[in-house]
Amino acid sequence: MNMRIFTLLALLMLTLAGCGDETPSAKSEADETWKKLPDEITPINELPSVFQQGLSSEEKADLLKKIMPMADDGLSPEERFLKLRQDAEAGDAEAQNALGSLFYSGEAISKDATGKIMDYDLESAAGWFQRAAEQGHAGAQFNLGLLYAEGQGVPQDSAKAVEWFTKAAEQGNVDAQNNLGVMYLVGEGVPKNTDKAIEWFKKAEKQGNEEARENLKAIRAAGN
């Protein structure tokens, strides 16, 4: 059975690719994600290719304005990033999720206590996803579930991954629906339940998710 267990990180509920295997594993406890975050910098460049998958030109332009320092609003790159950070600190769930995604991808780069630039800051990513997820942001709930599933920025915890995937899936997040189906199918973080797995795969399939469609084919081929 060829099955993608986890769809990679979503940015503003859009799927990314190719980041998971290259990022370091986190060693801190979950509550450490709430510590005061250090100063950040962000590079001046075009929208990363991994953020563009499946987007129309209009959606790309809109996303660029939200997270990258190149919009024609008269702000410098530092001012644009600061504005996103200020919105996130003020409680804007969309900004919190976007900021978490930038920390995850390395587009927003933190400095450690010695001033050395870190390639990735998974703990900060987890902290911002947590804030947005607790406000009911489905994309952040999916992102946080993925971090718990893979032990990135937080201790690996399959049960918590299921919890956050479920919250996102119930709001219609298609990637969470597919991932939740797999968790039920293999019994990861939740008792194995093929019927539940099929239920979530069907929900994702109805939204056009190809991975869920292939997962259902595999289940049927196995005689379930």
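The values are calculated or read from the model by the stated rules, or taken from the named source; none is laboratory data. The structure presented is a predicted model; accordingly, all values stated were derived computationally and were not measured. As a convention, Cβ positions derive from the backbone with ideal geometry for all residues, glycine included, and neighbour counts pool all protein chains shown. Just so you know, the surface numbers come from the protein's heavy atoms only, side chains and all, with ligands and any DNA or RNA stripped out. Shrake-Rupley method; radii C 1.70, N 1.55, O 1.52, S 1.80 Å.
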Practice problem: Go through region 179-198 and give me each residue that's without any contact (Cβ under 8 Å) to a residue 12 or more places away in the chain and outside any helix (DSSP H, G or I). | Solution: G187, P191, K192, N193
Quiz item: So which residues in region 83-130 are at pLDDT below 90 and exposed (fewer than 15 other Cβ atoms within 10 Å of the Cβ), if there are any at all?
Solution: K83, K111, D112, A113, T114, G115, K116, I117, D119
Quiz item: Tell me, which residue of region 134-177 that is closer than 20 Å to E211 by Cα and of a type in the set (V, I, T) is least open to solvent (accessible area, probe 1.4 Å)?
Solution: V162
